[in-house]
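Peer 1: If you scroll down you'll find the structure; I have some questions about it.
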Amino acid sequence: MTVTTKCFDPTATFEVEAFDRIYRSGEGEDWPVRIYQPQGDGPFPALVDVHGGAWTRGTYLNNENIDQALAAAGMLVMALEFRQSPKHVYPAQVQDVNYGTRWAKSHAAEFNGDPDNVGGLGTSSGGHSIMLSALRYDDPRYAAEAVPGGEDKDASFRYVMTGWPVLDSHARYMYAKEAGIARLMEPSETYFPDEAAMQEGSPQQSVERGDYRVLPPMLILQGKKDDNIPLTIPERFVEIYCAKGGTVDITYFPDMPHAFAQNPGPDTDRAIGLMKEFLAQQV
């Protein structure tokens, strides 16, 4: 049977029901996913959200305002919680994102979503994890754990949207080290075993090396007053991504700091509007 996804209309308005499910259990812990389900005729296109927090903190509710807004426009949004350091080091978070994406595809129909029309959203370190999983979705380390009932699903995305993402984990670490910014150095040293792991696990360097499987269409939203991400990182990433054949829409917000779109305001409204426009092109 052929399933036709409901067209995404950025001007649409739906009531949203939000609730939690457990998508993964292990090591004596359960890992939830917050479902934001539009109430209406579907199936709706789906979106997997991966929050930031320097790989060490934050929760799956970090992007709640964004997730609610996109769901209200007709996206089935699934926001993942995942393992964090120092207890869990690289590539644990990428493994959880990969597993969570396959789980989302396996269960999307239960929430009136289309399992064949799934994109990703990642902010800050979540942008790092989701891009690594998207670029190397069938990496045997990342896809090591099978999803029950989801053996026919992979972790590829139709597109990826990112906000203030850490697209080069090693370059960001070197920036923090040279500037003496301990609040950025320490989480990197906690999550990655060493600099070699930062380089191997860098989306930027993965694209440069050519050890990726796909280059999904991307959206990048970046504040120009972000003291967590030097602007050379997104600039270099866009250059190499496009040179390799990928497509990127990037918008800089002149006066905005790191994680600006998590708080209400006109720039957040503009960022969400850009996401909706991008979704209308991709879905």
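Please treat every number below as a calculation from the coordinates, not as lab data. Keep in mind it's a predicted model, so treat the numbers as computed, not measured. For neighbour counting, all protein chains shown are included, and Cβ atoms are generated from backbone atoms with ideal geometry for every residue, glycine included.
Peer 1: Taking neighbour counts of Cβ atoms within 10 Å as a proxy for exposure, in what order, fewest first, do SER156, SER188 appear?
Peer 2: Values: SER156 18, SER188 25.
So the residues, fewest neighbours to most, are SER156, SER188.
Peer 1: For each of ASP267, ASP168, count neighbouring Cβ atoms within 10 Å of the residue's Cβ, then give the residues from fewest to most. Spell out each step's value before the answer.
Peer 2: Numbers: ASP267 17, ASP168 28.
Fewest-to-most Cβ neighbours within 10 Å comes out as ASP267, ASP168.
Peer 1: Within 10 Å of each residue's Cβ, count the other Cβ atoms and sort TRP31, TRP164 from fewest upward.
Peer 2: Details: TRP31 18, TRP164 28.
Lowest count first: TRP31, TRP164.
Peer 1: Taking the chain, how much of its Cα-Cα pair set, in percent, is spaced more than 34 angstrom apart?
Peer 2: Values: 4859 of 39903 pairs.
I get 12 percent for the Cα pairs in the chain exceeding 34 Å.
Peer 1: Taking θ = phi - 60°, what integer Hz values does the Karplus form 6.51 cos²θ - 1.76 cosθ + 1.60 yield along the range 210-216, in sequence order, with x for Gly and Pro?
Peer 2: Here the 3J(HN,Hα) series is x, 9, 10, 9, 9, 10, x Hz.
Peer 1: Which of the aspartates and glutamates could a cross-linker span from LYS244 if the Cα-Cα distance has to be under 12 Å and same-chain partners fewer than 8 positions apart are dropped?
Peer 2: GLU208, ASP211
Peer 1: How large is the charge dipole for the chain, taken about the Cα centre, if only the Cβ atoms of Lys, Arg (+1) and Asp, Glu (-1) carry charge, to the nearest 20 debye? Before the final figure, lay out each step's value.
Peer 2: Working: 24 positive and 40 negative charges, 58 e Å.
So the dipole magnitude of the chain works out to roughly 280 debye.
Peer 1: Continuing with this model, one more query. Which whole-angstrom value gives the distance between the alpha carbon centres of the range 1-67 and the range 194-222?
Peer 2: If we compute the Cα centre of each part, the gap is 24 Å.
Peer 1: Next question. Under 8 Å for C-alpha pairs, at least 6 residues apart: give me the relative contact order for the range 32-98, rounded to a whole percent. Spell out each step's value before the answer.
Peer 2: Values: 98 pairs, mean separation 27.6, N = 67.
Taking the mean separation of contacting Cα pairs over the length of the range 32-98, I get 41 percent.
Peer 1: Could you work out which residue, out of ARG141, ARG209, ARG83, moves most in a Gaussian network model of the chain, that is, has the largest mean-square fluctuation with Cα springs under 10 Å?
Peer 2: Taking springs between Cα atoms under 10 Å, the residue moving most is ARG209.
Peer 1: If you filter the range 46-147 for GluC sites (Glu not before Pro), then keep DSSP loop positions with at most 13 other Cβ within 10 Å, what is left? Numbers along the way, then the final one.
Peer 2: On the way: sites: GLU64, GLU81, GLU110, GLU145; in loops: GLU81, GLU145.
Those satisfying the criteria are GLU145.
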